[in-house]
């Protein structure tokens, strides 16, 4: 159960599944992406401050597809899958860090546990 700012209780609509992945970080710069670094492979616009990630294509088959919510150990908040990586990458996420190259370099490459949200079936949600 979750509670919002109005003290209303509601059930989390997601089942959170853990997964260990390699996590790197990227910026919306031509040198790191392509000639249009502010557009994701899914066609979304990137802007600094957005909590977006790219996923390797093998993770899509596990359920980490477009708009899937993701919690990343060591980072606050919920990120959304808004981009996908080149097919050569496996079991990997890339965290969007705007144009802050230093933040991306500081993050580096890490093994992390993520939790990704899978919508519960309507029958699994209780109607309190």
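The values are calculated or read from the model by the stated rules, or taken from the named source; none is laboratory data. All values derive from a computational prediction rather than experimental measurement. Every residue, glycine as well, gets a Cβ built from its backbone with ideal geometry; the counts of neighbours run over all protein chains shown.
Condition check for residue 43 on (1) within 20 Å of residue 117 (Cα to Cα); (2) surrounded by fewer than 16 Cβ atoms within 10 Å (Cβ to Cβ): one failure, at (1).
Figure legend. Inter-residue proximity from the range 22-37: first residues on the phi < 0 side of the Ramachandran plot and assigned to a strand (DSSP E or B), second residues surrounded by 11 or more Cβ atoms within 10 Å (Cβ to Cβ) and at pLDDT below 70, beta-carbon distance below 9 Å, spacing 6+ or different chains. Indicated pairs: 26/32; 26/33. Of the strands (runs of 3 or more DSSP E) lying entirely inside the range 54-113, those carrying at least 3 residues that are free of Cβ contacts under 8 Å to residues at least 40 places away in the same chain and touching a strand residue (DSSP E or B) at 6+ places or on another chain (Cβ under 9 Å) are 79-84.
State which residue is nearest to residue 16 (Cα to Cα) when the search covers only the range 101-116 and only residues that are surrounded by 14 or more Cβ atoms within 10 Å (Cβ to Cβ) and over 11 Å from the mean Cα position of the chain (by Cα). Per the criteria, the residue is 112.
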